[in-house]
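One structure is given below, encoded as structure tokens.
The values are calculated or read from the model by the stated rules, or taken from the named source; none is laboratory data. None of the values given here were measured: they were computed from a predicted structure. For neighbour counting, all protein chains shown are included, and Cβ atoms are generated from backbone atoms with ideal geometry for every residue, glycine included. Side chains are part of the model used for accessible areas, which takes the heavy atoms of the whole protein and leaves out ligands, DNA and RNA. Shrake-Rupley method; radii C 1.70, N 1.55, O 1.52, S 1.80 Å.
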Amino acid sequence: QVHLVESGGGLVQAGGSLRLSCAASENIFNFNSMSWYRQAPGKQRELVAMITVGGRTEYADSVKGRFTISRQNAENTVDLQMNNLKPEDTAVYYCNAASLRRNTWGQGTQVTVSS
């Protein structure tokens, strides 16, 4: 059972930046994709960014040009660099590791953007 631990959340003013990190307890190449999702109060969880085992990335339209997902292979971590943050980015951010047989979530980290 892989364990995912997120870190890096916090409170930031609009226009600011945060970098989230997801540390996996096993080789991230064991998974077809590593992703960041978020869930705001009263809303459904949504995909923010994804990186596949082949290195392809995808982003939600709302974060394109502001967020960047990357991975550090030797450390088994996946980061989310978030720039030009907006109040609507406020949510709990979750790391996800997905393969054909497994779909694992981290515990989440809170990101709050003040206006």
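An ellipsoid equivalent to the stretch 23-110, defined through the eigenvalues of its Cα gyration tensor, has semi-axes of 21, 15, 11 Å when rounded to whole angstrom and sorted largest first.
Computed over all pairs of different Cα atoms, the Kirkwood value for the hydrodynamic radius of the stretch 31-80 is 11.6 Å. Per atom type, the chain shows carbon and sulfur on 47% of its accessible surface, probed at 1.4 Å. The mean accessible area for residues of the chain, using a 1.4 Å probe and ignoring ligands and nucleic acids, is 52 Å² per residue.
With N as its number of residues, the stretch 1-67 has a Cα radius of gyration that, divided by 2.2 N^0.38 Å, comes to 1.22.
Computed extension gain for Thr68 through Asn103, at 0.36 nm per residue and net of the alpha carbon distance, reaches 10.4 nm.
Are there any trypsin sites (Lys or Arg not before Pro) in the stretch 7-115 that are in a DSSP loop and have at most 14 other Cβ atoms within 10 Å? List them by number. Qualifying residues, ordered by number: Lys43, Arg56, Lys64, Arg101, Arg102.
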